[in-house]
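*Asks:* Let me begin by handing over the structure; questions about it come next.
The values are calculated or read from the model by the stated rules, or taken from the named source; none is laboratory data. As the structure is a prediction and not an experimental result, all values here were calculated from the model. We place every Cβ from the backbone using ideal geometry, glycine too, and count neighbours over all the protein chains shown. The area values use the complete protein model at the heavy-atom level, side chains included, leaving out ligands, DNA and RNA. Shrake-Rupley method; radii C 1.70, N 1.55, O 1.52, S 1.80 Å.
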Amino acid sequence: MSVSPEKRPLVAVAALGGTISMVPGDGEDHAVPRLTAADLLGDLGENLEMDVRAETLAGISSASMDFATLIRTRDWAARAVDEGAEGVVVIQGTDTLEETAYFFELTWASEAPIVVTGAMRNPSLPSADGAGNILAALTVAADPRGRGRGSLVAFNDDVHAGRWVRKTHSSHVEAFSSAPAGPLALVSEGLVHYFHPAAARPAALPLENADFSGLVPIVESGVEDTGELLETLVKAGVKGVVLAANGAGHVSAGSADVIERALAEVPIVVAGRTGAGPTFRGTYGFRGSESDLIAMGATMAGWLDPRKSRLLLHTLLATGASRERVEAEFRLRGDLA
Ligand code: ASP
């Protein structure tokens, strides 16, 4: 990376755990989180034209990620930027990394990039990918061309937008994809090659007085979908529901009857369970079709997959959003506007 000699950028790094930090102890067979942020960085930052400040904020498997940890990390990152960091790197497990990246995308108000990374192979394995991914993430975070791009994921030398990225493989080192949008950039020889200028992003969702208590489950449609699970969840008092619906946003006729009643109680968002392609708005008219669900008052997720939809709906409900606001935010962020 080339920066003017008088200004070395400061990058703040937070470690939260994940495979990248996991090694088996002496005589043990299985890897668990052990390494701190300082362990992970080692001397990585020493030959780079940047200063690095690192902190260990958690040591968890990312399956245990929760809103409290996400908010604590986001607030830590915002403070680091206020204190002079040009960019932030968050290191965590890959299993829920896409959700962390999307939560930051929704709630990160700064122009500074917040870059999430991790590893597929733990440091005790041959060809461990952690150091390379951290190096790429540091390079992206320190680069001024990352400004205004919101939440980014640096992985296997690709740079993905938090808006699109998904974990698409359980073991390959090429585990993340932004299909169909494609990556934003490639890191090569210490340089970030952005393919396009930064695009305008929706405003960050404010989190003041947010209350994330309560459940916002994903309910998947499929064969023998009677709607009973949805009915049980609504009776149990969930705050809202995301349907991982069939195809372009379709459910069974039985589920449609339940949804019609449930919409009197809670907001329901209809996302596509394929995780690729948009939900429709006006092609089909059968009971449980997209036009039937829209007529009942369900919100279509557009291009947002069920996981991202759950993050968005839960965050909106945590801040007291009305049904109208939920509809408007999904239209804006699901690219349906
Ligand atoms: N397999 C996971 C990882 O890649 C474990 C986790 O997500 O914490 O980091």
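*Asks:* Does at least one position in region 262-275 carry a residue that is small (Gly, Ala, Ser), over 24 Å from the mean Cα position of the chain (by Cα) and not in a loop (DSSP other than H, G, I, E, B)?
*Replies:* Yes: region 262-275 contains one or more residues that are small (Gly, Ala, Ser), over 24 Å from the mean Cα position of the chain (by Cα) and not in a loop (DSSP other than H, G, I, E, B).
*Asks:* For residue 162, all conditions in the list (1) within 12 Å of the ligand (Cβ to nearest atom); (2) under 20 Å from residue 275 (Cα atoms); (3) touching a Leu at 6+ places or on another chain (Cβ under 7 Å) hold save one; what is the number of the exception?
*Replies:* Failing condition for residue 162: (1).
*Asks:* I'd like the full set of residues that are touching a residue at least 60 places away in the same chain (Cβ under 8 Å) and among the β-branched types (Val, Ile, Thr), limited to region 140-166.
*Replies:* Selection gives 165 alone.
*Asks:* Look at residue 22 and say whether it is open to solvent by less than 20 Å² (accessible area, probe 1.4 Å), aliphatic (A, V, I, L, M) and in contact (Cβ under 8 Å) with a residue 24 or more places away in the chain.
*Replies:* no
*Asks:* Same structure again: Just a yes or no: is a residue in region 180-196 of a type in the set (D, E, K, R), out of contact with any His (no Cβ under 7 Å at 6 or more places or on another chain) and at negative phi?
*Replies:* Checked region 180-196: no residue is of a type in the set (D, E, K, R), out of contact with any His (no Cβ under 7 Å at 6 or more places or on another chain) and at negative phi.
*Asks:* Check whether at least one residue in region 239-259 is modelled with pLDDT of 95 or more and open to solvent by 80 Å² or more (accessible area, probe 1.4 Å), and report yes or no.
*Replies:* Checked region 239-259: no residue is modelled with pLDDT of 95 or more and open to solvent by 80 Å² or more (accessible area, probe 1.4 Å).
*Asks:* Is there a residue being within 16 Å of the ligand (Cβ to nearest atom), free of Cβ contacts under 8 Å to residues at least 12 places away in the same chain, open to solvent by 40 Å² or more (accessible area, probe 1.4 Å) and in contact with a Gly (Cβ under 9 Å, 6 or more places away or on another chain) anywhere in region 89-107?
*Replies:* Among the residues of region 89-107, not one is within 16 Å of the ligand (Cβ to nearest atom), free of Cβ contacts under 8 Å to residues at least 12 places away in the same chain, open to solvent by 40 Å² or more (accessible area, probe 1.4 Å) and in contact with a Gly (Cβ under 9 Å, 6 or more places away or on another chain), which makes the answer no.
*Asks:* As an exercise: evaluate residue 117 against (1) surrounded by fewer than 21 Cβ atoms within 10 Å (Cβ to Cβ); (2) among the hydroxyl-bearing types (Ser, Thr, Tyr); (3) within 15 Å of the ligand (Cβ to nearest atom) and give the number of the one condition it does not meet.
*Replies:* (1)
*Asks:* For region 71-88, state whether one or more residues are in contact with a helix residue (DSSP H, G or I) (Cβ under 6 Å, 6 or more places away or on another chain) and within 16 Å of the ligand (Cβ to nearest atom).
*Replies:* no
Quick grid of which residues meet (1) under 29 Å from residue 211 (Cβ atoms); (2) open to solvent by less than 10 Å² (accessible area, probe 1.4 Å):
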position: 262; (1), (2): yes, yes
position: 284; (1), (2): no, no
position: 298; (1), (2): yes, yes
position: 301; (1), (2): yes, yes
position: 310; (1), (2): yes, no
position: 317; (1), (2): yes, no
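Residue-by-condition table, conditions (1) under 26 Å from residue 216 (Cα atoms); (2) surrounded by fewer than 15 Cβ atoms within 10 Å (Cβ to Cβ); (3) touching a Ser or Thr at 6+ places or on another chain (Cβ under 8 Å):
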site: 13; (1), (2), (3): no, no, no
site: 17; (1), (2), (3): yes, no, yes
site: 30; (1), (2), (3): no, yes, no
site: 39; (1), (2), (3): no, yes, yes
site: 62; (1), (2), (3): yes, no, yes
site: 66; (1), (2), (3): yes, yes, no
site: 69; (1), (2), (3): yes, no, no
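*Asks:* Quick one: in region 258-301, which of the residues that are of a type in the set (Val, Ile, Thr) and touching an Asp or Glu at 6+ places or on another chain (Cβ under 8 Å) is farthest from residue 248 (Cα to Cα)? Talk me through it step by step, then tell me what you get.
*Replies:* Looking only at region 258-301, we keep the residues that are of a type in the set (Val, Ile, Thr), and these are 258-259, 266, 268-270, 274, 279, 283, 294, 299.
Cutting the leftovers down to touching an Asp or Glu at 6+ places or on another chain (Cβ under 8 Å) gives us 258, 270, 279, 283, 299.
Details: 258: 19, 270: 9, 279: 4, 283: 10, 299: 13 Å.
Checking each candidate, the answer is 258.
*Asks:* Can you tell me which residues in region 169-220 are within 16 Å of the ligand (Cβ to nearest atom), surrounded by 15 or more Cβ atoms within 10 Å (Cβ to Cβ) and outside any strand (DSSP E or B)? Talk me through it step by step, then tell me what you get.
*Replies:* Initial filter on region 169-220 (within 16 Å of the ligand (Cβ to nearest atom)): 169-177.
Going one step further and asking which of them are surrounded by 15 or more Cβ atoms within 10 Å (Cβ to Cβ), we end up with 173, 175-177.
173, 175, listed by residue number.
*Asks:* Quick one: residue 122 ticks every box in (1) more than 15 Å from the ligand (Cβ to nearest atom); (2) more than 18 Å from the chain's Cα centre (by Cα) bar one, so which box is it?
*Replies:* It is condition (1) that residue 122 fails.
*Asks:* Sort out which residues of region 122-155 are outside any helix (DSSP H, G or I), touching a helix residue (DSSP H, G or I) at 6+ places or on another chain (Cβ under 7 Å) and surrounded by fewer than 24 Cβ atoms within 10 Å (Cβ to Cβ), and write them in order of number. Walk me through how you get there before you give the answer.
*Replies:* Step one: list which residues in region 122-155 are outside any helix (DSSP H, G or I), which gives 122-129, 143, 147-155.
From the residues that got through so far, the ones that are touching a helix residue (DSSP H, G or I) at 6+ places or on another chain (Cβ under 7 Å) too are 122-123, 150-155.
Within region 122-155, 122, 123 meet the criteria.
*Asks:* Filter region 1-57 for residues that are part of a helix (DSSP H, G or I) and either at pLDDT below 90 or within 16 Å of the ligand (Cβ to nearest atom) (or both) and give the result.
*Replies:* Residues satisfying the conditions are 19, 20, 21, 37, 39, 40, 44, 45, 46, 47.
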